[in-house]
Amino acid sequence: MEDYFHAEAFADVVDRARWDGYTSRVVPNTRRLLHLLASLNVRATFFVLGWVAERFPDLVREIAAGGHELGCHSYWHRLIYKLNAAEFREDTRRAKDIIEQLAGQPVTGYRAPTYSVVHRSAWALEILCEMGFTYDSSIFPIRHDRYGMPDAPRAPFRFQTPAGPLTEFPITTFRVAGHNMPVGGGGYLRLLPRLYTRIGLRCAQSEGVPIVLYIHPWEVDPEQPRLPGRLSSRLRHYTNLSRTFDRFRSLLEAGNYTSFRESGLAATAKDFDFYAWNQRYN
Ligand SMILES: [Zn+2]
């Protein structure tokens, strides 16, 4: 849960110090999603940006009152691999405290900005555990210019950090010719044809990989102000905004989705020697 001007695609033209100067759209957009979820009786996990929680406390309370789970999406939406451990700890603590206070529930799940848990930032997972998180859902097992661990396990796994156990819920992929392909979430749901999504989800399901859907509030908002930026960023960010709400609704209607907290998926996570495996890539 973040605003349109928080997206990494515009980080080079939008200065964090000026976020307060942009017209926020996150409240109506999130409410639209909340209504959809309520109408289908689906509970979700909202990974909230601390900066947003601080400015829109009632929205966080509303999400909690709807029976949804609150998770943490950092405070400043910075890429973890550009931070050091102290900066990461401070940012995460700040966001977690704000969200917990507003929601009146412990925040135990983390979703990194731009899926920035990669091989060289895997140190962050131990810090999450140290801070009381029981799970992370930031590893995307694909090849991508900004994120990805293409060889990571594709189904939930559990491992021991020096601070205790942590469960990882990787984002859903399916296999094509020996490669992992992303499916069903965010830009992939928006930009790729419906047929691709349908086939991809079916493939993942037949492999027994649980389906993790995700969406940003700004992805259902065709009226959001247009920001300058690179052409590739604008294409990625603004294409099919008017179609995404219906696509997302179709997915929810066709499946049986719930929040991470209520999914029971943690119990299915397989033990995996994450650190030994990660060492091979660093
Ligand atoms: Zn984000």
The one condition in (1) within 22 Å of A38 (Cβ to Cβ); (2) in a loop (DSSP other than H, G, I, E, B); (3) among the basic types (K, R) that R249 fails to fulfil: (2)
Checking P106 against (1) within 13 Å of the ligand (Cβ to nearest atom); (2) open to solvent by 30 Å² or more (accessible area, probe 1.4 Å); (3) not aromatic (F, W, Y): exactly one of these is not met. Which one? (1)
Select from the stretch 29-57 the residues that are without any contact (Cβ under 8 Å) to a residue 40 or more places away in the chain and part of a helix (DSSP H, G or I) and write down the one among them that is nearest to the ligand (Cβ to nearest atom). R55
Selection within the stretch 10-28 - under 23 Å from R230 (Cβ atoms) and either away from the ligand (no atom under 16 Å from the Cβ) or open to solvent by 20 Å² or more (accessible area, probe 1.4 Å) (or both): A11, D12, V13, D15, R16, A17, R18, G21, Y22, T23, R25
Looking at the stretch 73-91, which of its residues are surrounded by fewer than 16 Cβ atoms within 10 Å (Cβ to Cβ), of a type outside the set (A, V, I, L, M, F, W, C) and part of a helix (DSSP H, G or I)? K82, E87, E90
Note on the stretch 135-170: residues open to solvent by 10 Å² or more (accessible area, probe 1.4 Å), farther than 20 Å from C72 by Cα and touching a Leu at 6+ places or on another chain (Cβ under 7 Å) are none
When you look at H77, is it in contact with a His (Cβ under 8 Å, 6 or more places away or on another chain), within 15 Å of the ligand (Cβ to nearest atom), closer than 23 Å to L33 by Cα and touching a residue at least 24 places away in the same chain (Cβ under 8 Å), yes or no? yes
Within the stretch 60-74, can you find the residues that are more than 18 Å from W123 (Cα to Cα) and free of Cβ contacts under 8 Å to residues at least 40 places away in the same chain? E62, A65, G66, G67, L70
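The values are calculated or read from the model by the stated rules, or taken from the named source; none is laboratory data. Computed from a predicted model, the values in this text were never measured in an experiment. As a convention, Cβ positions derive from the backbone with ideal geometry for all residues, glycine included, and neighbour counts pool all protein chains shown. Side chains included, ligands, DNA and RNA excluded: accessible areas come from the protein's heavy atoms. Shrake-Rupley method; radii C 1.70, N 1.55, O 1.52, S 1.80 Å.
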